[in-house]
Amino acid sequence: MSGYISPVLEGIDTAFVDFDFVKAAEASGIVDDNGTPTFGYIEPTHAELMASRGRKGIQRYAAARPVYTKLECIKRIKIMDAEGGWRYRRIVHKKNQKNEGSCVYNATAHAFQNKWNVQFGDHNAISMSPMSGYRHNARSAGSGSTVGGAIKWLSEVGLLPTDNPENRARFKQVHPDVGWSASFMPNWKTETAPLFRADEWYWVESAEEWWSSIINGDDCVGGRDGHCIDHCGLGLDGNSILSFYVQSWSIPWGFKLETSIGPLTTFGADSESKVRTMVARDGWALGSVLRPAFMRNV
Amino acid sequence: MRAFLISCVLAACASGHAADTVIYYGPNGEVLANGRYTRVTISWVNGQPVMSQQVVLDVGGGVVPPGPPLPPVPPVSDLDAKIVALIAQVNDPDKPVTSAKLAETYRFVAALGEAGSVTDVAKLRESAERVSALYLGRKDKAIIWQPFTAGMASLTAPMDFAGVLVAYKAAETRLLSLQPPDPPQPPPLPPVTSAAKVLILIPPELPDQELSLLTNQSRNDKAWSKKILILNSDAKDENKSPDPLVTKALAYLSGRPLPRILLLDAAGSFVADDAVPATWEAAKAYLTQKGVSP
């Protein structure tokens with residue numbers, strides 16, 4: 001490493017940069033329905049890609065928000081480092097997909113929660129159930145799913161709050177974070193899930209857009225090498241930009257960053273080449289979430 | 001001329017006076033009238049005219065013969081009111097500055113008259129016109145102040161020498177009474193409000209790095225974060241209808257530009273709004289001034 005190095009990258013284990021998900025899945029024995037090592041990200045077909053990108057209301061990131069050149073991104077990352085501007089600070093409820101292939105919904109749940117916490121504050125954080133979406137977008141516990149399917153689900157149907165005592169006391173329907181076979185509570189789809197929907201997704205098509213969206217305060221969701229992760233920060237190693245993601249595996253894994261609930265050892269980083277892989281397939285930035293009526297008086 | 005000089009010398013010798021006899025001639029050979037002759041110098045310092053005068057010749061005594069009777073000088077109070085009215089007719093953004101220059105004009109010309117440097121009332125008025133034009137300098141200023149200078153000329157036209165001096169001194173006093181503008185004052189502190197909550201309203205196309213930093217820092221600040229709501233201006237509720245609070249905010253703003261920081265009282269009514277400060281530190285200072293506490 002040479003030149004400026006983001007403080008959070010000082011001394012990290014480089015094994016967590018461009019981490020090899022395929023090897024990790026092989027080592028863990030986690031495979032999809034076809035026996036392919038994966039944590040749940042499956043590449044969309046061309047038709048699926050076109051369907052998700054062509055949805056009404058979907059905007060291309062470059063047409064909707066500021067995009068910076070790589071050089072500008074490098075300058076801006078230094079400012080964000082100095083000012084504490086990264087969105088990984090908003091993590092209150094860390095997800096863990098365990099041995100299921102629900103990474104796409106864990107990543108989108110992370111993105112949803114972070115955006116919720118930006119809009120309404122960490123004190124209003126609500127843990128969301130990835131399985132409440134994955135269960136309807138996958139063939140099996142290990143089949144995996146596509147990012148396009150998840151952004152559609154979060155826009156049109158919504159996630160349910162995690163089944164925990166706090167949420168049970170507050171909402172009519174909740175759902176566990178994991179457990180393919182868990183049953184859904186009656187009327188979940190009409191009463192509670194619509195309260196937790198994404199409002200604005202942006203289709204991210206280049207590494208510059210990916211970095212810019214994170215600098216501009218959005219989380220970016222993308223998949224590579226059989227896994228999908230939520231990216232919520234950037235770092236610099238000289239002139240190389242690294243994109244931080246929050247892992248949806250059990251803690252500890254990866255390097256440690258300071259979050260709203262203290263330091264969490266759950267982060268990895270992807271280089272430009274990995275980011276380009278993700279945007280070439282299916283990269284999305286979450287712009288905003290709906291404000292349901294129950295949030296009007298908080 | 002020669003005969004006149006000889007006769008003067010002879011007269012002096014015959015009278016037995018020991019003092020010298022001095023006679024001053026003008027450029028055409030005429031004997032100069034008694035009085036003090038003043039040299040007036042107008043120099044320029046930093047683009048501003050600066051006048052100075054010096055008595056360079058004092059010719060014997062002598063009495064100015066009285067002229068025809070002139071109309072009485074108006075009472076000072078009446079004269080003063082007329083001068084005030086003339087000044088009021090001038091619409092000059094630099095009025096206090098220009099009036100100070102004109103005050104110097106009238107002070108200077110009055111001093112010439114009092115010193116005996118100018119003894120003719122017509123020349124006194126003429127001096128006032130010339131010197132005021134010089135002090136006003138720019139043509140536009142001469143035009144702007146024309147209601148006053150022309151008014152003063154009309155006012156003093158029927159006056160005798162003493163009356164004109166009184167008028168010029170009164171003009172000087174009045175012109176000086178227009179104080180220069182106060183130095184720029186810092187903007188007034190925003191008034192304290194009954195605000196209890198804060199809404200940061202962002203146009204959906206504008207979440208840039210600066211806003212991202214500010215909103216994230218506001219959330220990192222746990223003491224303040226509970227007071228703050230951050231929404232896009234196209235935010236929607238669970239029915240995907242426009243968010244009622246945002247709709248209300250946009251109506252309240254009446255087109256004022258976004259992003260905007262809006263303050264709400266405990267009842268949810270908007271009590272103030274402003275442009276979003278550049279940094280979270282500045283935003284906190286603004287909120288504190290407005291009476292919002294973390």
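Tabulated results
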{"read-out": "Hz values of 3J(HN,Hα) by residue in region B:121-136 - Karplus curve (6.51, -1.76, 1.60), Gly and Pro given as x", "value": "5, 5, 5, 5, 5, 4, 4, 4, 5, 5, 5, 5, 4, 5, 5, 5"}
{"read-out": "Distant-in-sequence amide H partners of A:Gly223 (H built 1.01 Å from N, under 5 Å)", "value": "A:Asp282"}
{"read-out": "For B:Ala272, residues with placed amide H under 5 Å, excluding near neighbours", "value": "B:Leu263"}
{"read-out": "Charge dipole magnitude, Cβ of K and R +1, D and E -1 - chain A, Cα centre, debye nearest 20", "value": "920 debye"}
{"read-out": "Length-normalised contact order for chain A - Cα pairs under 8 Å, 6+ apart - percent", "value": "27 percent"}
{"read-out": "Size of charge dipole - region A:149-261 - debye, nearest 20, with Cβ of Lys, Arg +1 and Asp, Glu -1, no other charges", "value": "560 debye"}
{"read-out": "Charged-residue dipole, Cβ positions (Lys, Arg, Asp, Glu), region A:102-181 about Cα centre, Debye nearest 20", "value": "200 debye"}
{"read-out": "Radius ratio Rg over Rh of the protein assembly as shown, counting only Cα atoms, Kirkwood formula for Rh", "value": "1.41"}
{"read-out": "Under the Karplus curve 6.51 cos²θ - 1.76 cosθ + 1.60, θ = phi - 60°, whole-Hz ³J(HN,Hα) for region A:196-209, x wherever Gly or Pro sits", "value": "10, 10, 6, 9, 10, 10, 10, 7, 9, 10, 8, 4, 5, 5"}
{"read-out": "Values of log10 I(q)/I(0), in the order q = 0.18, 0.21 Å⁻¹, for region A:19-123 under a Debye, Cα-only, solvent-free model", "value": "-1.21, -1.19"}
{"read-out": "Proximal lysines to B:Lys139, defined as alpha-carbon separation beneath 17 angstrom and excluding residues fewer than eight positions away on the same chain", "value": "B:Lys95, B:Lys101"}
{"read-out": "Estimated FRET transfer efficiency (B:Asp265, A:Ala63; beta-carbon r; R0 51 Å; 0.05)", "value": "0.85"}
{"read-out": "Phi to ³J(HN,Hα) by Karplus 6.51 cos²θ - 1.76 cosθ + 1.60 over region B:22-38, Hz, x for Gly, Pro", "value": "10, 10, 9, 10, x, x, 9, x, 7, 6, 6, 5, 4, x, 9, 9, 10"}
{"read-out": "Fully extended contour minus Cα-Cα distance, from B:Ile23 to B:Asp78, at 0.36 nm per residue", "value": "15.3 nm"}
{"read-out": "Violating pairs (Cα-Cα greater than 27 angstrom) within the set A:Lys256/B:Lys222; A:Lys70/A:Lys98; A:Lys115/B:Lys222", "value": "A:Lys70/A:Lys98"}
{"read-out": "Förster-model FRET efficiency, 41 Å R0, B:Asp92 and B:Gln289, C-beta, rounded to 0.05", "value": "0.65"}
{"read-out": "5 angstrom amide H check on B:Val59, placed H, neighbours 5+ away", "value": "B:Gly35, B:Arg36, B:Tyr37"}
{"read-out": "Taking the convex hull of Cα positions in region A:106-246, its mean projected area over all directions (nm²)", "value": "9.2 nm²"}
{"read-out": "The protein assembly as shown: calculated mean residue ellipticity at 222 nm from DSSP helix runs of at least 4, using -39500 (n - 2.57)", "value": "-11500 deg cm²/dmol"}
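Read-outs throughout are calculated quantities, based only on the coordinates presented, and are distinct from any laboratory measurement. The structure displayed is predicted, hence computed values, not measured ones. Note that each Cβ is placed from the backbone with ideal geometry, even for glycine, and that neighbours are counted across all protein chains shown.
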